[in-house]
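Below: one structure, written as structure tokens.
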Amino acid sequence: MAKLIYSAIMSLDGYIADTEGNFDWGVPDEEVHRFINDRERSVQHYLYGRRLYDVMSAWDSWDTKSEPAFIDDFANLWRQADKVVFSRTLQDPSTGNTRIESDFIAEDIRQLKASVATDILIGGPELAAQAFREGLVDECQLIIVPVLVGGGKKGLPDGVDARLELVQERTFNGGAIFLKYRVLD
């Protein structure tokens, strides 16, 4: 059975975007990006809300061949993965290997987890909150960036009660920290 993993890059004070909606402070350096690439080789499915999908869809059309190899590597991993976007306003996907679902149905996610052998990443705190409430999230994988942004879009969902066990951590040269938590039953 596949694991459903909530994944986010966030500021030390817990935000994925600042009050202006910017997240450029969280762009991974080469060391972190290579780590992300290696981690995501075991991922074949992404679950996104509309806003995160809009951001990530740039990877589909970006000509990364002249970029550093680690950028092109991530773009290829992302393009090959299957993506499910939960949106009531988006009718047609703008990227390959993508389908649109109007509603997050927990049983559909349970069936997906049971039917695939590779990990599934869920992105965005609102979508993750729904998955947490349904008991679907198996892990949280967070990259904490050493910056305080003072407010904005919170990286962890409100209204979720979960016990976590730290199973892996790594500090990068630039000061970012990777934390991997298993969600306890």
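The values are calculated or read from the model by the stated rules, or taken from the named source; none is laboratory data. These numbers come from a predicted model, not from an experiment. All Cβ positions, even for glycine, are placed from backbone atoms using ideal geometry, and neighbour counts span all protein chains on display.
The residue pairs whose first member lies in segment 109-127 and is touching a residue at least 40 places away in the same chain (Cβ under 8 Å), whose second member is among the charged types (D, E, K, R) and in a loop (DSSP other than H, G, I, E, B), and whose beta carbons are closer than 6 Å, counting only pairs six or more residues apart or on different chains, are Asp119/Lys3. Criterion applied to Arg50, Arg39 was being surrounded by 13 or more Cβ atoms within 10 Å (Cβ to Cβ), over 24 Å from Gly175 (Cα atoms) and not aliphatic (A, V, I, L, M), and the one residue passing it is Arg50. Quick check on segment 12-19. Is at least one of its residues surrounded by fewer than 20 Cβ atoms within 10 Å (Cβ to Cβ), of a type outside the set (Gly, Ala, Ser) and modelled with pLDDT under 95? Looking for residues that are surrounded by fewer than 20 Cβ atoms within 10 Å (Cβ to Cβ), of a type outside the set (Gly, Ala, Ser) and modelled with pLDDT under 95, one finds none in segment 12-19, hence no. In segment 170-185, the residues that are without any contact (Cβ under 8 Å) to a residue 60 or more places away in the chain reach residues that are assigned to a strand (DSSP E or B) and of a type in the set (Ser, Thr, Tyr) with C-beta atoms within less than 7 angstrom, at least six apart or across chains, in these pairs: Ile177/Thr171.
Tell me, yes or no, whether segment 19-33 has at least one residue that is within 20 Å of Cys140 (Cα to Cα), assigned to a helix (DSSP H, G or I), aromatic (Phe, Trp, Tyr) and in contact with a strand residue (DSSP E or B) (Cβ under 8 Å, 6 or more places away or on another chain). Break it down stepwise before answering.
Of segment 19-33, the ones within 20 Å of Cys140 (Cα to Cα) are 23, 26-28, 32-33.
From what is left, the residues that are assigned to a helix (DSSP H, G or I) are 26, 32-33.
If we keep only those that are aromatic (Phe, Trp, Tyr) too, we end up with none.
No, segment 19-33 has no match at all.
Tallying residues that are over 19 Å from the mean Cα position of the chain (by Cα) and outside any loop (DSSP other than H, G, I, E, B) within segment 95-107 yields 1. With respect to the conditions (1) hydrophobic (A, V, I, L, M, F, W, C); (2) part of a strand (DSSP E or B); (3) closer than 21 Å to Arg41 by Cα, Ala117 lacks only one, and its number is (2). Does Ala128 qualify as being hydrophobic (A, V, I, L, M, F, W, C) and either loosely packed, with under 14 Cβ neighbours inside 10 Å or more than 23 Å from Val55 (Cβ to Cβ) (or both)? Against the criterion (hydrophobic (A, V, I, L, M, F, W, C) and either loosely packed, with under 14 Cβ neighbours inside 10 Å or more than 23 Å from Val55 (Cβ to Cβ) (or both)), Ala128 does not qualify.
I'd like the full set of residues that are of a type in the set (S, T, N, Q), surrounded by fewer than 17 Cβ atoms within 10 Å (Cβ to Cβ) and not in a helix (DSSP H, G or I), limited to segment 65-94.
Restricting attention to segment 65-94, the residues satisfying the condition of being of a type in the set (S, T, N, Q) are 66, 76, 80, 87, 89, 91, 94.
Narrowing the set further to residues that are surrounded by fewer than 17 Cβ atoms within 10 Å (Cβ to Cβ) leaves 66, 76, 80, 89, 91, 94.
Result: Ser66, Thr89, Gln91, Ser94.
Within segment 21-49, take every residue that is among the acidic types (Asp, Glu) and without any contact (Cβ under 8 Å) to a residue 24 or more places away in the chain and give me the one that is nearest to Asp73 (Cα to Cα). For segment 21-49, the residue satisfying everything is Asp38.
Sort out which residues of segment 135-171 are in a loop (DSSP other than H, G, I, E, B) and among the basic types (Lys, Arg), and write them in order of number.
First, pick out the residues of segment 135-171 that are in a loop (DSSP other than H, G, I, E, B): 135-138, 146-152, 155-163.
Of everything in segment 135-171, just one residue is in a loop (DSSP other than H, G, I, E, B) and among the basic types (Lys, Arg), namely Arg163.
Just a yes or no: is a residue in segment 161-173 at pLDDT 95 or above, surrounded by fewer than 15 Cβ atoms within 10 Å (Cβ to Cβ) and acidic (Asp, Glu)? Yes, there is a match, as at least one residue in segment 161-173 is at pLDDT 95 or above, surrounded by fewer than 15 Cβ atoms within 10 Å (Cβ to Cβ) and acidic (Asp, Glu). If the condition is being touching an Asp or Glu at 6+ places or on another chain (Cβ under 8 Å), modelled with pLDDT under 95 and of a type outside the set (D, E, K, R), then segment 45-86 contributes Gly49, Thr64.
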